[in-house]
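Chemist: Attaching a single structure in structure tokens format; questions to follow.
The values are calculated or read from the model by the stated rules, or taken from the named source; none is laboratory data. Remember, it's a predicted structure, so these values are computed and weren't measured experimentally. Neighbour counts are summed over all protein chains in view; Cβ atoms, including those assigned to glycine, are modelled from backbone coordinates with ideal geometry. To get the accessible areas, we keep the full protein, side chains included, count just its heavy atoms, and leave off ligands, DNA and RNA. Shrake-Rupley method; radii C 1.70, N 1.55, O 1.52, S 1.80 Å.
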Amino acid sequence: MYQLHIIILAAAYVTVCAGSYLMVRSAGAISLGQGALLGIGAYAIAIGSAEFGLPYWVSLVSAVGLSSLAGLVLAHLSIRLQGDYLVISTLSFQLVLYEIALNFTGLTNGPMGIVGVPRPELLGMSFESESWLLGFALVVAIAALAVASTVQRSPFGSVLVAVREQPTIATATGYSVRSIKAQVCALGGVFAGMGGAVIAGATRFVDPSVMALGESLLILSIIVLAGNRVIIGTLFGVAIVVIAPELLRFVGFSAPAVGYARGITYGLLLTLAARGSLFSARFTGWH
């Protein structure tokens, strides 16, 4: 049962990272706000379904819509920034939403979180069991990878690369860099909202930790490992960062030891990323 739970979470992170890949790898800007987009999706599904009693699919649409809107806000806040200022801006966005989740107790229940998040139902079939929920999570992840791969290979994907590498030339040829960045951020928000909804359903509980900086570092670490192929790279990154540390539990490592191993992995990957050792494409700002 625990193994299925880990695979469900891994599938959810595949969904999130498929969209984040387009933002960070293709569009060329490092963002530390992806965890906030994921958290918005998780909270939207929890508040809508568990607190207000809305049908699951209505809550899911709201989760995707709000996360996409948050992606647009993130793009707007960062559109003129690059380098360290871009990282600080996206980090600030993350921290502000974390503080809102922590202190806006009337809506989020603060540090106590929201319990009893329902799982989806479709055509009379309930996804209460881990096996059915796994099927749902895998379908969502496969669809996310297919869409991200299609975008990467499409003319729009080529435009993203052009905007990343030569924004001035892209502007001169008639492309609106700001509009393209906003579009890819909104798309990244859609994927993050879907992934957050799956995570909320898997854990049946949402608290401010879902918006903590660690979530953004996890997502960024996966993208560091992803390379230039969104499908193979994202699956490889999730296997290393999400699944591999959990396997340590089955060889006698304690939960704190697993947490330390994951933290060390994040640190090493991000250090190598900062040195340029793991990137074949350079990362620029939003311009």
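Chemist: Work out, step by step, the length gained on full extension between R229 and L91: first 0.36 nm times the residue separation, then minus their alpha carbon distance; give nm to one decimal.
Modeler: Difference between extended and current length: 47.0 nm.
Chemist: Output ³J(HN,Hα) for region 235-243: one whole-Hz value per residue in order, computed from phi by the Karplus curve 6.51 cos²θ - 1.76 cosθ + 1.60 with θ = phi - 60°, and x for Gly and Pro.
Modeler: Taking θ as phi minus 60°, the curve returns 4, 5, x, 5, 4, 6, 8, 9, 7 Hz for region 235-243.
Chemist: If I take R0 = 41 Å and measure r between the Cβ atoms of L102 and L4 in this structure, what FRET efficiency does the formula 1/(1 + (r/R0)^6) give, to the nearest 0.05?
Modeler: 0.85
Chemist: Could you compute how much accessible surface F156 exposes when probed at 1.4 Å, giving the result in Å² to the nearest 10?
Modeler: Around 60 Å² of this residue is reachable by solvent.
Chemist: Region 75-166: which GluC sites (Glu not before Pro) are DSSP loop and have at most 16 other beta-carbon atoms within 10 angstrom?
Modeler: Those that pass, being in a loop and sparsely packed, are E128.
Chemist: Kindly list the residues of region 6-46 that lie in the label zone of Y175, defined by a backbone N under 19 Å from the point 7 Å along the Cα-to-C-beta vector.
Modeler: Answer for this model: 19-31.
Chemist: Solvent-accessible area per residue for region 1-60 at a 1.4 Å probe radius, Å²?
Modeler: Per residue, region 1-60 has an accessible area of 25 Å².
Chemist: In terms of modelled amide H atoms, which long-range or inter-chain residues lie less than 5 Å from the amide H of G33?
Modeler: Long-range HN contacts for G33: none found.
Chemist: Quick one: what do you get for region 92-220 if you divide its Cα Rg by 2.2 N^0.38 Å? Can you show the working numbers first?
Modeler: Numbers: Rg = 18.6 Å, N = 129, 2.2 N^0.38 = 13.9 Å.
That ratio works out to 1.33.
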